[in-house]
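Chemist: Quick one: structure below, then a few questions.
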Amino acid sequence: MARIGFVGLGNMGAPMARNLAKAGHRVAVFDIVPTALEAAAAAGLSPAASAAEAARGAEVVITMLPAGKHVRDAWLGAGGMVAASGPDAVLIDCSTIDVATAREVAANSGGREMLDAPVSGGVMGAEGATLAFMVGGTKAGFARAEPILQAMGRKIVHCGEAGAGQAAKLCNNMILAATMIATCEGFILAERLGLTHQALFDVVSNSSGNSWAMSTYCPVPGPVPGSPANRDYKPGFAAALMAKDLGLAQEAAKGSGANTPLGAQALAFYQRFLEAGGGDKDFSGIIEMLRKG
Ligand code: NAD
């Protein structure tokens with residue numbers, strides 16, 4: 001079993017760290033919010049005095065932080081975790097951040113294996129250890145990280161070199177957002193044409209218009225009882241997080257010269273949804289805004 005340092009005990013990080021401990025690893029944790037650290041200590045994890053302290057002596061060091069600037073500061077800033085980590089430690093960032101920062105941090109890891117390993121599956125996936133990990137980094141780094149990630153997830157894909165995990169995550173969520181919006185529009189048109197939600201679902205979920213947004217995460221109540229539409233769009237995956245990921249995708253598209261007009265339109269729609277107060281709702285709740293026009 002490994003000694004692991006884990007930094008960032010928010011909605012995702014706290015249950016991920018608990019699952020590592022459940023799998024028998026020794027986990028030292030840190031968060032700048034004292035109550036998050038206290039809750040982790042109460043759950044049997046070992047609180048550290050700083051991020052650097054959590055990294056010191058660990059074989060594997062993991063971060064789960066809000067955005068690129070937090071990740072850069074935590075790893076490379078004064079008293080940073082790269083400097084505190086042993087020369088043979090494997091460093092893993094599971095946050096969703098921009099590709100450029102992921103590559104920058106990896107390039108400044110002092111020769112240590114550094115992986116970007118963003119996740120999909122949300123808080124339920126973090127709690128149930130069923131996350132999907134998309135991983136960027138060397139093959140050797142991936143081989144060392146995989147058994148650790150298995151304690152927190154069930155699908156772990158090596159996508160390529162540093163930054164490839166973030167790239168995969170941004171592409172996936174851009175496709176998801178555009179598909180969700182298209183699915184919502186299908187239901188809105190069906191309503192106007194006098195078609196029931198169930199009739200459209202029964203046809204599309206067995207036809208060429210099918211998608212995860214339709215068959216698993218249906219944006220209207222009824223056809224898929226577990227979808228957020230059945231609980232007034234309580235997330236799930238909050239619209240604010242989708243807007244963040246779409247922003248990162250557009251940044252990456254601009255930086256690489258990729259033409260992604262649907263991604264740009266999806267970002268504009270989600271920004272409007274946030275401005276109208278929808279940020280805390282599930283991202284499928286955008287159907288309510290689209291219905292109004
Ligand atoms: P969160 O805001 O709940 O948690 C982030 C934690 O990091 C907070 O507890 C905060 O105090 C801590 N933190 C910030 N700066 C720190 C620092 N310098 N040192 C130590 N701790 C610090 O966010 P979350 O929902 O847990 O998401 C984390 C990451 O995972 C984000 O990048 C998010 O986009 C991504 N993600 C979230 C979900 C989801 O459904 N919540 C799904 C997939 C991916």
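The values are calculated or read from the model by the stated rules, or taken from the named source; none is laboratory data. For clarity, every value in this text was computed on a predicted model and none was experimentally measured. Don't worry about glycine lacking a Cβ; one is built from the backbone with ideal geometry, like all the others, and counts go over all protein chains shown. Heads up: the accessible areas ignore ligands, DNA and RNA and are worked out on the full protein's heavy atoms, side chains in. Shrake-Rupley method; radii C 1.70, N 1.55, O 1.52, S 1.80 Å.
Here is a yes/no grid of residues against (1) under 20 Å from residue 245 (Cα atoms); (2) free of Cβ contacts under 8 Å to residues at least 40 places away in the same chain:
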| position | (1), (2) |
| --- | --- |
| 112 | no, yes |
| 124 | yes, yes |
| 141 | no, no |
| 145 | no, no |
| 148 | no, no |
| 151 | no, no |
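Chemist: Kindly provide the set of residues from the stretch 83-92 that are touching a helix residue (DSSP H, G or I) at 6+ places or on another chain (Cβ under 8 Å) and in a loop (DSSP other than H, G, I, E, B), ordered by number.
Modeler: Of everything in the stretch 83-92, those that are touching a helix residue (DSSP H, G or I) at 6+ places or on another chain (Cβ under 8 Å) and in a loop (DSSP other than H, G, I, E, B) turn out to be 85, 89.
Chemist: Here are some residues: 222, 255, 186. Which one is assigned to a loop (DSSP other than H, G, I, E, B), away from the ligand (no atom under 14 Å from the Cβ) and open to solvent by 10 Å² or more (accessible area, probe 1.4 Å)?
Modeler: 222 is the lone residue from the list that is assigned to a loop (DSSP other than H, G, I, E, B), away from the ligand (no atom under 14 Å from the Cβ) and open to solvent by 10 Å² or more (accessible area, probe 1.4 Å).
Chemist: Limited to the stretch 258-293, what total is found for residues that are among the charged types (D, E, K, R), open to solvent by 40 Å² or more (accessible area, probe 1.4 Å) and outside any helix (DSSP H, G or I)?
Modeler: The total comes to 2.
Chemist: Quick one: count up the residues across the stretch 136-183 that are of a type in the set (Val, Ile, Thr), within 16 Å of the ligand (Cβ to nearest atom) and surrounded by 16 or more Cβ atoms within 10 Å (Cβ to Cβ).
Modeler: Of the residues in that region, 2 qualify.
Chemist: Looking at (1) at pLDDT below 95; (2) of a type outside the set (A, V, I, L, M, F, W, C); (3) touching a Cys at 6+ places or on another chain (Cβ under 6 Å), which one does residue 136 not meet, given that it meets all the others?
Modeler: Here residue 136 meets the rest and fails (1).
Chemist: Within the stretch 114-135, which residues are more than 9 Å from the ligand (Cβ to nearest atom) and either assigned to a strand (DSSP E or B) or hydroxyl-bearing (Ser, Thr, Tyr) (or both)?
Modeler: 114, 115, 116, 130, 132, 133, 134, 135, listed by residue number.
Chemist: So if I check each of 111, 80, which one is of a type in the set (Gly, Ala, Ser), out of contact with any helix residue (DSSP H, G or I) (no Cβ under 6 Å at 6 or more places or on another chain) and buried (at least 18 other Cβ atoms within 10 Å of the Cβ)?
Modeler: 80
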